[in-house]
Structures are given as C-alpha cells and as structure tokens.
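Take a look at the structure below.
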Amino acid sequence: MGHFLCRNTPSSASRNEPMTEQMTGAQALVRALEQVGVDTVFGIPGGAILPAYDPLYDSKKVRHVLVRHEQGAGHAAEGYAQATGRVGVCMATSGPGATNLVTPIADAYMDSVPIVAITGQVASAAIGTDAFQEADISGITMPITKHNFLVTDAADIPRTIVEAFHIAASGRPGPVLVDISKDALQATTTFTWPVQMQLPGYRPVTRPHSKQIREAARLIAEAKRPVLYVGGGVHKAQASAELFELAELTGIPVITTLMARGTFPDSHRQHLGMPGMHGTVAAVGALQRSDLIIALGARFDDRVTGRLDTFAPYAKVVHADIDPAEISKNRHADVPIVGDCKEVIADLVAAIKAGSARGDYTEWWRHLDAYRETYALGYETYEDGSLAPQYIMERIGALVGPDAIYTAGVGQHQMWASQFIGYEKPGSFINSGGAGTMGFAVPAAMGAKMGRPDKDVWAIDGDGCFQMTNQELATCALEGVPIKVAVINNGNLGMVRQWQTLFYEERYSNTDLQSARRIPDFVKLAEAYGCVGLRCERPEDVDDTIRKAMEITDMPVVIDFVVHQDAMVWPMVAAGTSNDDIKYARDMAPKWEHED
Ligand SMILES: Cc1ncc(C[n+]2csc(CCOP(=O)(O)OP(=O)(O)O)c2C)c(N)n1
Ligand SMILES: [Mg+2]
C-alpha cells in the first residue's frame, strides 16, 4: 500500500463491540471523519453542505479552517497532505463552491496528491433539474479524480468516507471527491463502526516481480552510462533512504525532477540536479547520452523529455512505477516494474548486492563532471544595483536552511526556487508540477504550516500568482498560521514575458502587470490582511530583510522583493524542441565535444 496514513480502527471505547448509534447523515459524516483520523478540514459553508457544518461546530477532533476561496481550501489540503504524509481534506457547498474546487482537484490529480474533497449536493429529488446551485460535480471531476462518489443515502456515508480515504492514500495517491446530497445529510441513519469497504477490483500492486528486479540489476551491471531518473513517486513511497543506499552502492548519477527535489540531497556529489526544460546541462546531457535510464516513480513528462522522438536515443529503460498505466506510456520500457518504489528500490539494492558483477562508470563520470563544471547554474547580476531574483533564492536557502518547507507558485520564480534554494530533505519543496497552477504557493504554505507547525514554511511566489490567492493571508492571520511569503516582484507575468522575449520578437502582449506602479502595494496589502509587510529592493538589504522576517514568528510576513524585470530562467529547452538543443543562456548551446 501507499504510505499515506488512513485509519479505520474502532475507537478505544468500542474495541470489541461494533459501535451502533442513531444520528443524522451529517453527524455520521463528521463522526466518520473523526474515526479516520482527520484533524483539519479546509472549507466554506453554503446551503447544500450546511447540515454538515452544524455537527462540525461541536467536533472536538476536527478543526475546520474557514478559508476565503474554495481554491484556497483545495491547495491548503494539498499542502497539508504533502507536508504530513496524510490525506488532506477540503469541503465546499454545491454549484460554485464545488466548481471552485476543480482547479486544486486537477492539480492534485496531476501531482498524485492524496486529498478528499467533500461537497454538498442539492437534494436528490432535485438532481438533474437545474436546481439552485446545482452542478454535476462528480461528472465534471470524473477525468480529474482517482475516483468519485455521489451519495444520496445517509446509510452509505460512513463506508464511503472510509473508501474515499483508502483510495486517496493507497497505491498511486490522488484526489477523491465525495458529493453528498442535502437530503442524505439530513436523514436519520444508524451509524455503525467499523465499516466494511466494498471495493472489489481495487488492489494496487505493490510487490515488484523478482524476475524484473533481477533483469534490472543485470542491466545496471552491464551499463556504461546509467542514470537514476527520480520522480515524485519516490518521496510519496517514502523511499529516499532506499534511494540513497542504491545511489551510493552503485555510484550511478542521480537526477531529481521538479516533484522530487529534496528526495536526494542537492549537496551529494552524485546529484546532477533537475532534468527538463529548465534543468541543468549536466542532468539533461546525462539523459541524452545515457545507455540506461532507471526511472523511479517518474512519468517521462514532456517537460522532462523535450521532443520525445529525440529523447535519450541510446538508452534502454528500466521503469518502476506503482501505476501500470504510466509504464511505456510515453517511452517504451525495456524492463517494466510495477510496484511501490520503496519495495522496488530495496529489492534492487538486494539484487545488486547478491550479484557478482558491478558496473564501472569511471569514464561516464569524467564526461558528467566536465558538463557540470563547464555549465554550472549561474545568473546575471545588474550594474544599476537592481536585484537578481536568483540571488534572493540563494540567500533564502542559506539563511532559512534545508529544514524548512518551501512552496512555490508557477512561473520563473518557481524555477529559480527549484534551482537555487538547495534542497537536502525529502518533501521540502512543495509545488505545482503537472498542472502548473498559478496561485498554489500561499494556500499550500498555509496547509503545510497547519500540518507541520514545527516547521518554518516559506512560500516563494510571483507577483502574478500572489494576486490569485493572496486572500488566504486573512485566513493565516486569523488562524495564527505564521507563514512567510517572498513575492518575487518582477512586475510581469515573467515566464510568459520570457517566451515573448525569445519567441515573439519582444512583443509583450498583456504580460505587464504594472506592479511597478505599486497597484497593488504588496506591503500595504499585507498590512491590510493583518500581516507584516516588508520591502526589499537592493542586494545589500536582502540578508537583513530575510533575517527580519525570520524573527517574526507570531504573524504571517510578506516580503515584496522588487527585482529586475528582464531576468530569465536558464538553461532552457524550448517547448517542442529536442533536449539536444538546450541553451544555457540566450543563443548559447553547450559543446558536447567531451564525447567519445
Ligand atoms: C492559473 C494559471 N493561469 C495562467 C497560467 C500561465 N502562466 C504560467 S507562468 C505565468 C506567469 C506567472 O507570473 P508571476 O506569478 O508573476 O511569476 P513570474 O513568472 O513572473 O516569476 C502565467 C500567466 C498558469 N500557469 N496558471
Ligand atoms: Mg512576475
């Protein structure tokens, strides 16, 4: 099974006897949430879900956090899930409340984040009549949920909740929607606990096949230029220790995708960094020249492969994933392994130890070391004294350190956060990889901080993204959630502007947010929300500003880092082109001549 926790155990009072009690469907819902161990629910009430909010008011175990927008509830549930390893929960009313959850549900689906979304639905007799605030949310979310339920009978509520949490957490994690009609919440039912799940046919394979493991170990021993391509699935399987052992045992270079940053320490000498569109030349070059890619919990996303028919032309592929649908989806796997990455990697380690042959990768490392020395990550600084965004990331990484949790929005700042902060611990970088959802950072940071109050949580946000979900600062201020938000304010939808610079002849159509005119003024905005607002515009003030923010531990802090608008993210593989055409700066292609 997956490693997200989900409890379905009798409470201590009734360990032997099943619990049976008369109550409403709404009470049964809250009781079931308590029984599966939910401590936090992010949501907003409304007509159809209102019956559930009444017993929630009395719950001693479930804390409901009243957010300002349902999208915030969904991303908060995602942040909570990724920071704690438990299922995140969000709640909304029917119609627009539910449709506001669609973006975070899609986001969780793309990044395999276990959340349960509970929505109220109009009364069952009104379903299908275009009733007030009716939306077919189970139909709408069918393609973006791992599973979803429409419940119209109060008696089904407890079992459905247990099934929803089990499905969200097990196998490949993902979002599950439970839509409950208002009459089911209001009806009286007999609550019985524990419940029997009815999920015939749902049995994720977790044990890898030993023959495939032996075959993978054989290829690893024979390979001359192998690469460990590590995706988000390795952290989700809590297999970073196993990965570390495999890497050190074999000496194979490691690359970590956007979803896997931190799963293998950035400081480790075998780590080549991130692959893909904004990956390091060493990581991208390693894949292109590899003769064996060992893909672990990764899915050959187009942002990693570039133009697929030119991707890693010399490589055989060992592909391990818990979801059989991922294997050979984009790239043919010579050795497919279906299983949980923790077990797969542990078995690989055992098989390699048992075998007599070991690979010799000395020559390979000679090439890779040359790539990383010649094409190390770097950035431009400015003579006019304006701030380079990458420098801010380096300083946050250095001063706040690797024990914190970082979240990011989507855009240039996200890529700089991935490239320059430096991650050493699994799960320390939480961001929106598959969907690329602007507005993710602030609510995800709120959810992460509520799940892990012991951690410092920094949201690295863009001035565009921040304007999509910053209203959750009110939630943070009122609920006592002292996150830090570093707004990288380049005055623009920077990543889109970068594409316009490179591919649309500098025709900057609709990317200038005019934040230079301080509309809005992020410092005043922070203060209006009951947070501390700081501003930093010069490199020499960066450290002091970060330190000042670190000293404030009882309130949320927003820093408006005003940066140069022309900073660009490098390296870059232009969309739709080959990884071989990576540029490490504008019109600067690496020379691959250290080749054989
Ligand atoms: C919800 C949503 N709308 C549009 C986009 C397209 N998009 C990707 S990055 C980006 C710009 C983000 O601007 P900002 O938050 O200021 O970040 P920057 O790139 O400037 O660091 C846009 C509009 C998106 N990813 N998500
Ligand atoms: Mg911007």
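Taken together, the values in this text are just the output of simple stated rules run on the coordinates, not laboratory data. This one's a predicted model, so the numbers in the text were calculated from it and none came from an experiment. Quick reminder, even Gly has a Cβ in these numbers, built from the backbone with ideal geometry, and neighbours come from all protein chains shown.
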Which whole-number percentage describes the relative contact order of the chain, with Cα contacts under 8 Å and a sequence gap of 6 or more? 14
Along the principal axes of its C-alpha atoms, what lengths does segment 525-575 span, in descending order and rounded to whole Å? 43, 25, 17
Report the net charge of residues surrounding Pro114, where surrounding means a beta-carbon distance below 10 angstrom and charges are Lys +1, Arg +1, Asp -1, Glu -1. +3
What number, in nm² with one decimal, is the all-direction average of the projected area of the convex hull of the alpha-carbon atoms of segment 411-489? 5.2
Around Trp499 (Cβ within 15 Å, Cβ-to-Cβ, excluding Trp499; K/R +1, D/E -1) the net charge comes to +1
What does the charge dipole of the chain about its Cα centre add up to, to the nearest 20 debye, if the Cβ of each Lys and Arg holds +1 and the Cβ of each Asp and Glu holds -1? 1160
Identify all aspartates and glutamates with a Cα-Cα distance to Lys583 below 20 Å; exclude those on the same chain that are fewer than 8 residues away in sequence. Asp301, Asp302, Asp309, Asp369, Glu373, Glu380, Glu505, Glu506, Asp566, Glu593, Glu595
Would you mind computing, in nm to one decimal, how far apart the modelled labels at Arg203 and Glu527 are, each placed 7 Å from Cα along Cα→Cβ? 6.4
Length gained if Trp592 through Thr374 is fully extended, taking 0.36 nm per residue and subtracting the Cα-Cα distance, is 77.4 nm
Cα-Cα P(r), segment 308-433, percent of pairs per 10 Å interval: 10, 22, 32, 28, 7, 2, 0
Can you pull the Rg over Rh of segment 396-548, Cα-only, Kirkwood? 0.96
If you average 1/r over all unlike Cα pairs in the chain and invert the result, what Kirkwood radius do you get in angstrom? 25.0
Can you pull out the chymotrypsin sites (Phe, Trp or Tyr not before Pro) in segment 54-109 that DSSP calls coil and that have at most 14 other Cβ atoms within 10 Å? Tyr57
To the nearest whole percent, what portion of all C-alpha pairs in segment 306-352 is separated by more than 11 angstrom? 70
Can you work out the FRET efficiency for the pair Lys329 and Arg214, with r the C-beta to C-beta distance and R0 = 30 Å, to the nearest 0.05? 0.80
How are the Cα pair distances of segment 136-255 distributed, in percent, across 10 Å bins from 0? 11, 28, 24, 17, 13, 6, 1
What trypsin sites (Lys or Arg not before Pro) in segment 44-101 are in a loop by DSSP, with at most 15 other Cβ atoms within 10 Å of the Cβ? Lys60, Lys61
Express the relative contact order of segment 348-494 as a whole percentage, based on alpha carbon pairs under 8 Å and six or more residues apart in sequence. 21
Over 19 Å between C-alpha atoms is what I'm after, so list which of Lys449/Lys484; Lys224/Lys591; Lys60/Lys236 land there. Lys224/Lys591; Lys60/Lys236
